[in-house]
Amino acid sequence: MEDIHQRISEIRSDFPFFSQEGKFKDWVYLDTAATSQKPNRVINAELEFYQQFNANIHRGLYEISEAATAAYEKAREQISEFLGSQDSDEIIFTRGATESINLIAQSWGGLNLQEGDEILVTNLEHHANIVPWQMVSAKTDAQLNVIPIDDQGNLDMQYAMDAIRGGKVKCMALVHVSNALGVTVEVAPLIQAAKEQGIFVLIDGSQAVTHFPVNVTKLGCDAYVFSGHKIFGPTGIGILWAKRKVLEEIPPYQGGGDMIRSVDFEGTTYAEIPAKFEAGTPHIAGAVALGEAIEYVNEVGFDAIATIDQWLFGRAAEIVESIDGLKRIGNTLDQVGVVSFYSDQIHPSDLATFLSTDKIAVRTGHHCAEPLMKRLGIPGTVRVSLGIYNNAEDLDRLEKSLRSAVTFLS
Ligand SMILES: Cc1ncc(COP(=O)(O)O)c(C=O)c1O
C-alpha cells in the first residue's frame, strides 16, 4: 500500500464529520465500535433517495415506486454478495443486529428448543446475544451454557468442544469479535464441530464485518447478523442472513403488511422469503444507504483496512501499555479495532470524563457486556475503538490526554 498515513488522510476526507465547522469540530472520535461515522456517499445516497425517488416499495405500479423497489432490492444483492451468500433471498432487512438475533431466538428457538436443551454462548457476548436467548429459555425451559474465558478474553476451546459434543447443545450463538475487548473468536472450528453434531449456529458479526471479509458459505453457520450503523451505514437498519431452509421452516417474527400472500379472517398465508420476515414498511432509504456503505468498504478494500487496523491497534495498544497504572486487556494477536483498559486507582468514568474535556470521545463502562466485566472482576473499562478514519494525530492527542489524566487523577 502507498504510505499508510496518506491513505488514512484520503479516507478521512470522505467523512464530513471530520471537516465540520460545527460544535464538534476538532473532536477526536474513538468510539467507532458504538457507531461509525458516515462517508459522504452514504449520506448522499439517503438524501438522494428522499429527494429523488421516495415512494413506498413493492406495491406501486408506477415508475417511482419501481425505482425505489429496485434500489432496495439492489441493496439486498450488494449485501448478499458482501457476505458470500449464494442467494439474496437469504438476506433479511431488520432494524439492527439486536432485532436480527431476537428474530432468530423467537422464531427458530420458539420452534426448536425444549426443556433440557442448551444454548451455547461465550462469556464475551454483548447483551444482544444473551437476553433474547434468556427470553426464549423462559418460554421453552432451555438453558444457557456459557463458554468460559481466561483473563485476556480467550475462549476455553476445550470446554467449547466438549459442550458441542456433549449431546445437550441445540443452538450455538457466538460473537465473532467482542465489542468490549476487540478479541476475535476463532469461530470456524467451532462451527465445523457444531454442524457435525447438527447444532444450529448463529454468529454475531456486528464488530467483525468492518474489519475482515466474512463468507457465510465458507463459515458454514446457519445465521449471521450485523448492524448497518457499525459499518458506515445509517442507524435503524441491520441484516439477518440465514440459510434459505431455515428461513422457510421457521415462523414469521412479526405480522403485518407485505409479509403475506393472502389474508382472510379465517386465516392468513405468508409470503415467500425474504418478504415473510419484513412486515410493514421497511427502512427503505436506510437499506439503500447501507448498500452504498458496503460499496464503500469494497472500494477501500479489506487489504487496506487490515493494514490500517493493524497500525491503529498497535499504536493505541502501545500508548496504553506505556502509561504506568493502566492495564490493557487482551493479547494483541487476535484483537482488532478495540483497545480496552482499566486502572486499579482511577474509575473508568473519571478517565473518560477527563478525556472528554480534551474533546476526545471514548466509551466507558460495561459496554453492554456485564457478565464479561463480572468475570474480569472490574466495574468496566475505558474503550478506545478505532475506525479507518482515525489518524496519527488522533492517537497523539489520546496519549497526551491520557498521560495528564493519570497524573492528575492518581
Ligand atoms: C457485538 C455486538 N452485538 C450486538 C450489538 C447490538 O447492535 P445494535 O444495537 O446495533 O442492534 C452490538 C452493538 O454494540 C455489538 O457490538
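The values are calculated or read from the model by the stated rules, or taken from the named source; none is laboratory data. All values derive from a computational prediction rather than experimental measurement. FYI the Cβ positions are ideal-geometry reconstructions off the backbone, even for glycines, and counts take in every protein chain you see. The accessibility values were calculated without ligands, DNA or RNA, using every heavy atom of the protein model including side chains. Shrake-Rupley method; radii C 1.70, N 1.55, O 1.52, S 1.80 Å.
Entry note, segment 125-233: relative contact order of 22 percent, from Cα contacts under 8 Å with a spacing of 6+ residues. Using only side-chain charges placed at the Cβ, +1 for Lys and Arg and -1 for Asp and Glu, the dipole size of segment 254-294 relative to its Cα centre rounds to 60 debye.
Name the residues of segment 301-336 whose amide N is less than 16 Å from a point 7 angstrom out from the Cα of ARG7 along the C-beta direction? Answer for segment 301-336: 301-315. Size estimate for segment 224-315 follows the Kirkwood approach: the inverse of mean 1/r over distinct Cα pairs works out to 15.7 Å.
Normalise the Cα radius of gyration of segment 1-82 by 2.2 N^0.38 Å (N = residues in it) and let me know the number. Don't jump to the answer; show the numbers that get you there.
Values: Rg = 17.3 Å, N = 82, 2.2 N^0.38 = 11.7 Å.
With N residues counted in segment 1-82, Rg over 2.2 N^0.38 Å equals 1.48.
Restricting to DSSP H runs of at least four residues, report the calculated mean residue ellipticity at 222 nm for the chain, -39500 (n - 2.57) per run over all residues, nearest 500 deg cm²/dmol. About -12000 deg cm²/dmol. Based on Cα contacts under 8 Å between residues 6+ apart, the chain shows a relative contact order of 22 percent.
Annotation: extensible slack from PHE212 through GLN152 equals 19.4 nm (criterion: 0.36 nm per residue apart, minus Cα-Cα distance).
Cross-link pairs exceeding 26 Å in C-alpha to C-alpha distance, out of LYS374/LYS400; LYS74/LYS245; LYS170/LYS230, comprise LYS374/LYS400; LYS170/LYS230.
Basic side chains Lys and Arg get +1 at the Cβ, acidic Asp and Glu get -1 at the Cβ, and with that the dipole of the chain about its Cα centre reaches some 620 debye.
State the extension gain, in nm to one decimal, for the chain segment bounded by LEU61 and ASP26, taking 0.36 nm per residue of separation less the distance between their alpha-carbons.
Values: separation 35, 0.36 × 35 = 12.60 nm, distance 4.82 nm.
7.8 nm is the gain from fully extending LEU61 to ASP26.
Within the straight-line cut-off of under 13 Å between alpha carbons, the aspartates and glutamates reachable from LYS195 are ASP222, sequence neighbours fewer than 8 places apart in one chain being disregarded.
A simple count of charges around ALA67, restricted to other residues whose Cβ falls under 12 Å of its Cβ and scoring Lys, Arg +1 and Asp, Glu -1, yields -3. Over the chain, what is the percentage of antiparallel beta bridges among all DSSP beta bridges, to the nearest 5? DSSP beta bridges in the chain are roughly 60 percent antiparallel. Within the shell of other residues whose beta carbon sits under 11 angstrom from the beta carbon of HIS58, the net charge comes to -3, with Lys and Arg scored +1 and Asp and Glu -1. Largest GNM mean-square fluctuation among PHE93, PHE24, PHE232, using the chain with Cα springs under 10 Å: PHE24.
Taking every Cα-Cα distance in the chain and sorting them into 10 Å bins from zero, the calculated P(r) comes out as 5, 22, 30, 25, 14, 4, 0, 0 percent. The mean accessible area for residues of the chain, using a 1.4 Å probe and ignoring ligands and nucleic acids, is 43 Å² per residue.
Per the 1.4 Å probe, what fraction of the accessible area of segment 44-298, in percent, lies on carbon and sulfur atoms?
About 48 percent, which is the carbon plus sulfur part of the accessible surface.
Across segment 366-410, the residues whose backbone nitrogen lies under 11 Å from the label position 7 Å along the beta-carbon direction of LYS327 are 376-379.
Around ASP204, what is the net charge, scoring Lys/Arg as +1 and Asp/Glu as -1 over all other residues with Cβ under 12 Å from its Cβ? Mind showing how you got there, number by number?
On the way: positive: LYS230; negative: GLU125.
Charge balance in the 12 Å sphere: 0.
Once both labels are positioned 7 Å from their Cα atoms along Cα-to-Cβ, the gap between THR281 and THR268 label points is 1.8 nm. Note on segment 115-227: the alpha carbon radius of gyration divided by the globular reference 2.2 N^0.38 Å gives 0.99.
Just round it to a whole percent: the fraction of Cα-Cα distances in segment 342-386 exceeding 12 Å. Before the final figure, lay out the partial values.
Working: 572 of 990 pairs.
Within segment 342-386, distances greater than 12 Å cover 58 percent of Cα pairs.
Taken over the Cα atoms of segment 80-120, the convex hull encloses 107 Å³ per residue. Summarised in one figure, the compactness ratio Rg/Rh of segment 189-345, Cα atoms and Kirkwood Rh, is 1.09.
What fraction of the Cα pairs in segment 38-110, stated in percent, has a spacing above 17 angstrom?
Working: 1591 of 2628 pairs.
Of the Cα pairs, 61 percent sit more than 17 Å apart.
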